[in-house]
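Written below as structure tokens is the structure these notes are about.
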Amino acid sequence: MSDVSDAAWHPLRIVPYGAVLHVPAGWEALPPVPANGPEILRATGGPGRSLIVFKVPARDPAGTAPGDLTAAQVADVAQEKLAAHGYGDFTRTEVRFAGVPGVALDFVTRNSKGTVVYRTREYFAVRGNAAFVLGMGSATWEEHLPLIEQIAGRFELAE
């Protein structure tokens, strides 16, 4: 998949949360699905191209960690929850996301035969006591990974 030129991107402003998601032309925002929990935006660029943005507390629910959690600690909590739902093969990378040090967490979905059918990456960034999570996945990972990385590279946390 080739790079999308800068002129072909447009912002989706998530005003109440101080975030801006830039997506390629032709993508559209969808309303959040309450069953997904702390979801604040979904967007799609057509079949097989979708993303989701969450805002979650960056406070330790058990109260054992002082202050706000780091992006890595928020990713730890997410990984525990994802593993409990059957996702696996977790890998993580330290990245810059939303202009701050963050974490990219990759994982897979397997079918009943154990074959990987979908790969997902979630990016984590923390601002104050809130963590922002951008999740995108694909059944054709190698094809969509460059676009996933471009969208993540343009995600902003506005002041």
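The values are calculated or read from the model by the stated rules, or taken from the named source; none is laboratory data. From a predicted model like this one, the values you see are computed outputs, not experimental measurements. As a convention, Cβ positions derive from the backbone with ideal geometry for all residues, glycine included, and neighbour counts pool all protein chains shown. These area figures cover heavy atoms from the full protein model, side chains too; ligands, DNA and RNA do not enter into them. Shrake-Rupley method; radii C 1.70, N 1.55, O 1.52, S 1.80 Å.
Divide by every residue of the chain the summed helix terms, -39500 (n - 2.57) for each DSSP H run of at least 4, and state the resulting mean residue ellipticity at 222 nm, rounded to the nearest 500 deg cm²/dmol.
-5500 deg cm²/dmol
Could you check the spin-label model distance between Ala83 and Leu145? Points 7 Å from the Cα along Cα→Cβ, value in nm.
My value for the distance between the label points is 2.4 nm.
Can you grab the distance from the C-alpha centre of the stretch 21-91 to the C-alpha centre of the stretch 139-158, Å, no decimals?
The stretch 21-91 and the stretch 139-158 have Cα centres separated by 14 Å.
With semi-axes √(5λ) of the Cα gyration tensor in Å defined as stated, name the option among (1) 79, 35, 11; (2) 23, 21, 14; (3) 46, 17, 12 computed from the structure displayed.
Correct label is (2).
Running a GNM on the chain with Cα contacts under 10 Å, which residue among Ala104, Ala75, Ala25 ends up with the highest mean-square fluctuation?
Ala25
Rounded to the nearest 10 Å², what accessible area does Ile14 show when all protein chains are kept and the probe is 1.4 Å?
Its heavy atoms expose roughly 10 Å² to the probe.
Find the all-direction average of the projected area of the Cα convex hull for the stretch 31-119, expressing the result in square nanometres with one decimal place.
7.5 nm²
Quick one: which residues, 5 or more positions from Ala98 or on another chain, have an amide H under 5 Å from its amide H? H modelled 1.01 Å from N in the peptide plane, none for Pro or chain starts.
Here Phe155 satisfy the definition.
Is there a quick way to get the dipole size of the chain? I mean about its Cα centre, with the Cβ of Lys and Arg at +1 and of Asp and Glu at -1; what is the value in debye to the nearest 20? Provide the component values of the computation, followed by the final result.
Working: 14 positive and 17 negative charges, 66 e Å.
With only Lys, Arg, Asp and Glu charged at Cβ, the dipole is about 320 debye.
Pick out which of Gly102, Gly135, Gly86 has the largest mean-square fluctuation in a Gaussian network model of the chain, springs linking Cα atoms closer than 10 Å.
In this elastic network of the chain, the residue with the biggest mean-square fluctuation among Gly102, Gly135, Gly86 is Gly86.
Counting only protein chains, not ligands or nucleic acids, how are Tyr123, Tyr118 ordered by accessible area (probe 1.4 Å), most first?
The ranking, largest first, comes out as Tyr118, Tyr123.
For the chain, modelled as a Gaussian network with Cα springs under 10 Å, which listed residue fluctuates most, Ala78, Ala130, Ala35?
Ala35
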